[in-house]
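First the structure, in the form of structure tokens, and then the observations on it.
The values are calculated or read from the model by the stated rules, or taken from the named source; none is laboratory data. Computed from a prediction, not measured in an experiment: that's the story for all the values here. Cβ: placed from backbone, ideal geometry, glycine included. Neighbour counts: every protein chain shown. All accessible areas refer to the heavy atoms of the entire protein, side chains included, with ligands and DNA or RNA removed. Shrake-Rupley method; radii C 1.70, N 1.55, O 1.52, S 1.80 Å.
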Amino acid sequence: MTISDRVFDKIRKIIYEKTGLVIGIRDRDKLARFLSSRDIRPKSLEEEIEYDRKLLYDIIDVVTVNETFFFRHESQFEVLEGILKDLLKRVTERKIRIWSVGCSTGEEPYSIAITACRAHFGLYGSYDCESRFEIIANDISREALNKAKEAVYGGYSIRNLSREVLETFFQQEAPESYRVKDFVRRLVTFYLFSVTSDYDVKRYIGFNSCDCVFCRNVMIYFDDNSRRKALDNIYDALRSDGFLFLAPTETIRDISGDRFAIAITMGGIIYVVKR
Amino acid sequence: MNREKLLEDVKKLNKLPALPEVVYKIMLLKEEDCSLSALEGVISKDPVITAKLLKIANTVYFNPYGQSVTGLKRAIELIGVRNIFSVVLSIVVTNLFPIEAKTFYRELFWKHSFLCAFISKRLSRFVKGVSDDTAFTTGLLHDIGKLVFYSYFGDSYEKVVELTQKGIPSYLAEMRVFGVSHDEVGSVLLEVWGLPAEVVEAVRFHHTLTDSRNFSELTALVHVSNILTMLSSFSYNSGVLFVVLNDDPGWLRLKDYITDSDYEIHKIFDDVVYAIDIAEIAWSRE
Ligand SMILES: C[S@@+](CC[C@H](N)C(=O)[O-])C[C@H]1O[C@@H](n2cnc3c(N)ncnc32)[C@H](O)[C@@H]1O
Ligand SMILES: [Fe+2]
Ligand SMILES: [Fe+2]
């Protein structure tokens with residue numbers, strides 16, 4: 001099955017509006033395979049999407065790249081632990097809030113949650129910190145989020161984890177399969193929305209509310225216009241002394257204006273909100 | 001041992017090494033005629049330095065096309081006549097302190113120093129009036145005072161390390177334990193060794209910029225480079241989690257010279273990989 005230029009352009013536009021993602025030639029083949037597996041004729045696709053919102057999300061699942069693993073860019077989590085310890089000492093009248101943007105199958109927000117537990121343990125000798133932390137994670141891939149909520153991992157995804165971490169924060173379910181323990185899972189809430197939608201970001205995250213935002217390996221799939229939208233929303237969501245973590249090779253210097261200052265850390269460059 | 005006594009001892013080079021002749025010879029050449037063959041003449045008399053220079057000339061950084069270099073002359077050419085002084089200095093100084101203390105991490109110390117030197121040199125290209133060679137030398141020697149402490153006090157330097165792990169910056173911890181800190185001690189040693197006054201001054205104030213009434217560009221440069229070493233694994237746990245560059249007085253001074261300073265910071269971050277490569281090959285103990 002092939003998809004005509006006209007239909008592909010339409011889909012491209014719909015996806016772009018919904019997610020900020022710019023899909024390319026390779027996605028065209030993936031899309032064609034998906035449509036034939038569902039027995040959908042490309043010609044009627046547009047109508048069917050209108051009809052059936054679920055189909056749109058299925059298509060989004062097909063075109064997103066969900067690769068991730070626990071403690072990716074590991075040294076950033078050492079920095080995070082230090083920052084969280086400092087916040088634990090200072091912030092007592094509200095929860096410390098961390099947003100994981102484009103959380104995919106959950107490895108990133110759970111790594112943040114484990115780091116939060118460790119920071120709490122370091123100061124107070126207990127992992128029980130549900131009353132102190134709140135981690136919000138979003139993605140636009142429904143399939144990825146379902147996996148994230150299940151919280152069962154194995155293989156590639158846990159290759160960075162030590163025995164000690166597996167024993168403390170996971171429950172083994174099968175020889176190669178580990179489930180994140182409840183006290184960690186309770187820290188994280190997952191939502192389906194796009195970081196480029198200011199309506200949804202205001203609704204789920206709010207203004208000036210996050211102490212840290214992780215947005216790693218997400219904006220690399222965006223064009224400049226979507227990157228700008230995403231960064232505007234992240235900036236609004238961050239508190240005035242908040243931190244932004246990007247993947248080490250990413251930069252926002254072309255779009256950040258005068259809103260973020262560079263901070264040098266052992267985990268590389270991170271960004272601090274300038275107000 | 002009290003502060004005055006220690007500084008007195010350093011001035012007399014009690015229990016401390018002198019710089020070998022070859023360094024002064026190159027320093028002199030630098031001022032007069034720094035020709036390839038003159039340098040070769042001086043250096044070839046020292047087989048240890050010659051061997052190290054060959055090794056360094058064969059690293060990717062100096063020799064990207066990987067032709068094998070076997071002659072000293074070619075090695076000097078590749079490293080660059082301008083850079084020879086600082087490179088020789090680093091070879092010599094690395095081997096000068098026979099520190100036995102168990103708690104002295106020789107490799108970490110020199111890799112940190114080298115990285116600071118590399119970044120200083122990298123930044124110096126933007127700053128008018130600071131030569132890249134001087135920047136490199138200052139970066140390389142900025143923490144040399146720590147070696148003085150190790151030479152005199154051996155394992156009791158560990159007390160300082162313990163304090164830094166609690167989040168106290170090393171120079172303050174040293175003040176607390178010894179009554180004097182490595183920046184001051186180091187600058188005294190360098191003065192005795194006869195290094196240029198601007199180098200001595202920059203080392204003296206590399207942690208306490210604003211104590212110097214009117215700190216120099218070179219001081220700012222080394223101060224910032226020391227912070228930027230945090231980006232690698234070659235840095236000390238200074239108790240500081242992060243440094244916001246725009247709040248740093250040294251950076252604010254340098255920034256004006258650099259057109260797109262955020263971009264340059266990213267570039268330096270990328271280039272640090274090369275520096276680590278050279279440091280691994282050339283300055284680790286074989
Ligand atoms: C490569 S993964 C990165 C996962 C994780 N952040 C990491 O660094 O390991 C990129 C994720 O971003 C998600 N994504 C793409 N566009 C998005 C958008 N507009 N809003 C939220 N998530 C998005 C994708 O669905 C995918 O799961
Ligand atoms: Fe220092
Ligand atoms: Fe240093």
Net charge near residue A:94, counting Lys/Arg +1 and Asp/Glu -1 over other residues with Cβ under 13 Å of its Cβ? +2
For region B:80-210 (alpha-carbon point model, no solvent) the Debye-based log₁₀ I(q)/I(0) at q = 0.12, 0.18, 0.22 Å⁻¹ works out to -0.46, -1.01, -1.43
Of B:206, A:23, A:141, which is farthest towards the positive pole of the protein assembly as shown's charge dipole, taken about the Cα centre with +1 and -1 on the beta-carbons of Lys, Arg and Asp, Glu respectively? A:141
P(r) tail for region A:36-84, what percent of Cα pairs lie past 17 Å? 57 percent
Over 24 Å, how big is the tail of the calculated P(r) for chain A, in percent of all Cα pairs? 52 percent
Pair-distance profile P(r), taking every C-alpha pair of region B:62-140, with 5 angstrom steps and integer %: 3, 14, 20, 20, 18, 15, 7, 3, 0
Quick one: 3J(HN,Hα) in Hz for region A:91-101, Karplus 6.51/-1.76/1.60 with θ = phi - 60°, rounded, Gly and Pro as x. 9, 10, 8, 8, 7, 7, 10, 10, 10, 9, 8
Helix-only mean residue ellipticity at 222 nm for chain A, each DSSP H run of n ≥ 4 adding -39500 (n - 2.57), per residue, nearest 500: -13500 deg cm²/dmol
For A:254-267, what's the mean count of beta carbons from other chains sitting within 10 Å of each residue's beta carbon? 5
Heavy atoms of residue A:220 accessible to a 1.4 Å probe, total area in Å² rounded to 10: 100 Å²
Cα extents of the protein assembly as shown along the principal axes, largest first, in whole Å, come to 87, 54, 49
Taking region B:18-95 and dividing mean pair separation by its residue count, relative contact order in percent (alpha carbons under 8 Å, at least six apart): 34 percent
Based on the Cβ-Cβ distance of residue A:33 and residue A:74, what FRET efficiency does E = 1/(1 + (r/R0)^6) give at R0 = 35 Å, to the nearest 0.05? 0.50
Could you list, in their original order, any pairs among A:85/A:147; B:52/B:159; A:85/B:5 whose Cα atoms are separated by more than 32 Å? B:52/B:159; A:85/B:5
Once R0 is set to 45 Å, what does the formula 1/(1 + (r/R0)^6) return for the Cβ-Cβ distance between residue A:202 and residue B:128, expressed as a FRET efficiency to the nearest 0.05? 0.40
Net charge (Lys, Arg +1; Asp, Glu -1) of residues whose beta-carbon lies under 12 Å from that of residue A:53, residue A:53 excluded, is -1
Quick one: if you stick a label point 7 Å off each Cα along the C-beta vector at residue A:22 and residue A:249, how many nm between them? 1.7 nm
How big is the Kirkwood radius of region A:183-241, worked out from every pair of different alpha carbons and given in Å to one decimal? 12.3 Å
Cβ under 14 Å from residue A:182's Cβ, residue A:182 left aside: what net charge do those residues give with Lys, Arg +1 and Asp, Glu -1? +1
Divide, for chain B, the radius of gyration over alpha carbons by 2.2 N^0.38 Å, where N is the residue count. 0.98
Return the aspartates and glutamates within reach of residue B:12: Cα separation strictly under 13 angstrom, same-chain partners fewer than 8 residues apart disregarded; answer none if there are no such residues. B:4, B:191
Round to a whole angstrom and tell me the spacing of the C-alpha centers of region B:1-58 and region B:148-172. 27 Å
In region A:116-200, what trypsin sites (Lys or Arg not before Pro) fall in a loop by DSSP, with at most 11 other Cβ atoms inside 10 Å? A:159
Counting only DSSP loop positions in region B:5-114, the trypsin sites (Lys or Arg not before Pro) whose Cβ has at most 16 other Cβ atoms within 10 Å are B:12, B:15, B:45, B:102
Find, among the GluC sites (Glu not before Pro) in region B:35-124, those assigned to loop by DSSP (not H, G, I, E, B) with at most 12 other beta-carbon atoms within 10 angstrom. B:100
With N set to the residue count of region A:63-114, report its C-alpha Rg divided by 2.2 N^0.38 Å to two decimal places. 1.30
Between residue B:44 and residue A:232, what is the label-to-label distance in nm when each label sits 7 Å out along the Cα-to-Cβ direction? 6.9 nm
Once both labels are modelled 7 Å past Cα along the beta-carbon direction, what's the residue B:13-residue A:94 spacing in nm? 6.2 nm
Based on Cα coordinates alone, diagonalise the gyration tensor for region B:18-95, multiply each eigenvalue by 5, take square roots, and list the semi-axes in whole Å, largest first. 20, 14, 11
